[in-house]
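The values are calculated or read from the model by the stated rules, or taken from the named source; none is laboratory data. Nothing here was measured: the structure is a model prediction, and the numbers come from that model. Backbone-built Cβ (ideal geometry, glycine too); neighbour counts: all protein chains shown.
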Amino acid sequence: MAYKDNREYMEALVKTGDGVRIQKEVDWDLEAATVTGRSCEIGGPACLFEHLKLYPEGGRILGAPMATYRRMAIAMGLPPDTPIGKIFDEYEKRTAKPIKPVQVKDGPCKEKKVFGDDVNLYDFPVPTVHGGDGGRYIGTWHCVITRHPETGWNNWGMYRLMVYNRNTIAGYLRPFSHFGMAFEQYEKKGLPMPVAVAIGPDPICALTASSPFRIGEDEVDFAGALRREPVQLIKAETNDLMVPANAEIILEGEVLPNFQLPEGPFGEFPGYRTQGASPQPVFRVKAITHRVNPIICMSPEGVGISDGKIGPSVGGALGMKERLKRHGVPVVNVFIPPEMGSLVAVVSVKESDPAMAQKVTAVLHGRRVSVPKLIIVNDDIDVFNLAEVAHAIGTRMHPVTGFKAETDHQGWTLVPYLSPEERRNEKVATGVFDCTWPAAWTKESDIPVRMSVKNAYPEDLQKKVLENWKEYGF
Amino acid sequence: MAKKEYLAFVDRIEELPLNKEVDILIKDLAYGKMKYNSRWVKAVVSNVPGQLPDGDILRLRGLVGLPHPGSWEIKIVKELGEFPPAA
């Protein structure tokens, strides 16, 4: 059974040791993020801050709700220790059969309602996430809901949202994003775009909003698929958008056409604050509905493993795998290790081919680049095992023929290694580490034999050793 | 009366006009529920301590959010409205 909200989910996390309720009073101004950031850096639990300074009754903060694959497994109703590869398989299997949402007439997100001049974002303990950020961020693990005016496509996305004043938000809402595609249509006509933001939707809804589904696909259908039951939606108060009924807070309003405010700087998922403040679209909040004592979710993006690296990694990698398959690449698995700042994808392929690296690169870096570095390995390497991947780079990648760099791709400019000029021009330099054996090498004489336990010893001896492991004294 | 504190982001500190009126986006650093609230103001900024006797403390941060060294003061002349002009 799916968790209907973060409250049920948190109970499950506490039971398995993957969540902790923090009763001590904590400051929303950096302290909650510092605690959560440290928890992420040491692989610790999600943190529910129940007492926040200045807000004795005004809300709570849930830090790092899905910053481990264990927590993702729990959210999906799988055993917490499910191997990463199995989580990927399950995600792929479930999202192949989308489940449409159901509409409900009432829901917890309508427990309290404020409109117009009574709207005040400062009534909630919106956290400051890093020292030196541009302000307080109400959206770091949430769901931005918009509808394309011509196609009716309902997009759920996750774009960071900074509070500007009591009823105004500036968001990092890029023109090439799915949000941007709908907003462009409104802006061309000089019209404001209706928008709703679900703060603290159930864990799978947030996961889905963070994941890169295809243009025109309604993320809510995939949330239903991952939950294995439909998401309950309810109509917003001031526009026709449908919002998750069990979310903690719903912000409703409009994105203003042809008007921008400075947003940022903000420390992002690769683990650095790379860019300065920049003019970004503006969301004017006209109504807020919320639960009593609502929970704001916070992903403390940084060097530690955060939700922003775990959540999108599965959908992103599976999307890359699907594209490679469509282009005839004999791909086995793709993984985007969060430990590498989500800027590296490891791709395993079934066979060596003189042009394999070029084929993979053409597919994954041919258009807009989302993951600028690729490591290509043979399928005897488990892409989910970083030690094996690192060993392959050290032992199989020829420094002269195995590495290829390119410049001037279109892509994310949050990449820390880019020069200021590359960032200004939105040009991304990419690199490919080809760790596959050359296609011309024969197994019989050229390809070195891997000295792992699995490869170097007879199978019956391996079995015997495993069966007697404790008897050896381990 | 205790001085108030404000925050502003200035990418190139050498381009910030000093000792004359400038339109600037500031954030309120007074501890309270409205900390980091944005204000668009006309103000005078100085980097000489005491030069604005009735001024307040200004914390300046640069492109990637690091503090600009120095001791900055600000005297707010007037509020300019809710938002800066459209970018």
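Assess whether A:VAL282 counts as being out of contact with any Pro (no Cβ under 6 Å at 6 or more places or on another chain), assigned by TED's automatic domain parsing to the domain that holds A:PRO149 and assigned to a loop (DSSP other than H, G, I, E, B). No. Here A:ILE61, A:ILE138 are screened, and the one residue that is touching a strand residue (DSSP E or B) at 6+ places or on another chain (Cβ under 7 Å), in a strand (DSSP E or B), touching a residue at least 12 places away in the same chain (Cβ under 8 Å) and away from chain B (no Cβ under 14 Å) is A:ILE61.
Contact annotation: residue pairs with Cβ atoms under 9 Å, 6 or more positions apart or on different chains, pairing a residue in region B:2-18 that is farther than 18 Å from B:ARG39 by Cα with a partner that is of a type in the set (Ser, Thr, Tyr), are B:LEU18/B:SER46.
Only one of the listed residues (A:SER313, A:SER342, A:SER348, A:SER370) is out of contact with any Leu (no Cβ under 6 Å at 6 or more places or on another chain), crowded, with 16+ Cβ neighbours inside 10 Å and outside the structural domain of A:PRO416 (by TED's automatic domain parsing). That residue is A:SER313.
The single condition from (1) among the polar types (S, T, N, Q); (2) in contact with a helix residue (DSSP H, G or I) (Cβ under 9 Å, 6 or more places away or on another chain); (3) within 24 Å of A:ASP133 (Cα to Cα) that A:THR34 fails is (2). Filtered by the rule that a residue be outside any strand (DSSP E or B) and in contact (Cβ under 8 Å) with a residue 40 or more places away in the chain, region B:60-69 gives B:GLY62, B:LEU63, B:GLY65, B:HIS68.
Note on region A:248-266: residues that are in a loop (DSSP other than H, G, I, E, B) and either more than 8 Å from chain B (Cβ to nearest Cβ) or surrounded by fewer than 24 Cβ atoms within 10 Å (Cβ to Cβ) (or both) amount to 3. Residues that are at pLDDT below 95 and either at positive phi or touching a Pro at 6+ places or on another chain (Cβ under 6 Å) (or both) do occur in region B:41-54.
Across region A:141-170, the number of residues qualifying as within 14 Å of another protein chain (Cβ to nearest Cβ) and either without any contact (Cβ under 8 Å) to a residue 12 or more places away in the chain or in a strand (DSSP E or B) (or both) comes to 8.
Consider region B:11-33 and keep the residues that are assigned to a loop (DSSP other than H, G, I, E, B) and surrounded by 15 or more Cβ atoms within 10 Å (Cβ to Cβ). The one that is nearest to the other protein chains (Cβ to nearest Cβ) is B:LYS33. With respect to (1) basic (Lys, Arg); (2) over 9 Å from the mean Cα position of the chain (by Cα); (3) more than 13 Å from every other protein chain (Cβ to nearest Cβ); (4) outside any loop (DSSP other than H, G, I, E, B), the lone exception for B:LYS75 is condition (2). Residue check: A:THR238 meets all listed conditions (1) in a loop (DSSP other than H, G, I, E, B); (2) within 20 Å of the chain's Cα centre (by Cα); (3) of a type in the set (Ser, Thr, Tyr) but one, namely (2).
The condition of being hydrophobic (A, V, I, L, M, F, W, C), more than 14 Å from chain B (Cβ to nearest Cβ) and assigned to a helix (DSSP H, G or I) does not hold for A:VAL20.
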